[in-house]
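First up is the structure itself, then whatever we jot down about it.
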């Protein structure tokens, strides 16, 4: 049942302009034209969480970069890392870990606008993209996402499981490549995690 809810929540944030995720997931030989062709074929969703999978999100991010480089928009990215997810896996197993990721994905999607995007980033993280949003405004939805995740209640566990997340934000700079953008967001995430769990930082 939750999987259907997660898929529905994800689809509500998939509009004509949603873009997201990082070049580094494609490797050094990625082909932007192939990525854009994939975008035109329609969205592809991650089987575990119900949000965009990484390949489709890379294609969307390439397309949004092109728009911004042409002076047609601005956008920010946020990388969400679930605090202590490894401990959830150790104490409760892989199935519970995946359940936590599904809850987190839905929590992020609920707090975004219809034109924004969320997708899975690697195995344990998520990326959301905020369109027509400058860095000084990006912390507003990021705080909503952080609070929503912290309010999650994961039932059916043998011991309590408190879920929090750290978030790193960065604004796209016209002319830069996607790898540089994501590196700045990763650096901001590292600073947030170094400060304490359940924090937000901007790079």
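Here, each number is a calculation from the coordinates, and none is a lab measurement. If you're wondering where the values come from, they're calculated on a predicted model, not measured in any experiment. Cβ: placed from backbone, ideal geometry, glycine included. Neighbour counts: every protein chain shown.
One table, with the values for the structure above:
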| quantity | calculated |
| --- | --- |
| Theoretical FRET efficiency, 1/(1+(r/R0)^6), r = Cβ-Cβ of residue 187 and residue 95, R0 25 Å, to 0.05 | 0.15 |
| 20 Å tail of the calculated P(r), the range 142-203, as % of Cα pairs | 40 |
| Ellipsoid semi-axes in whole angstrom, largest first, where each is sqrt(5λ) of the Cα gyration tensor of the range 64-203 | 28, 14, 13 |
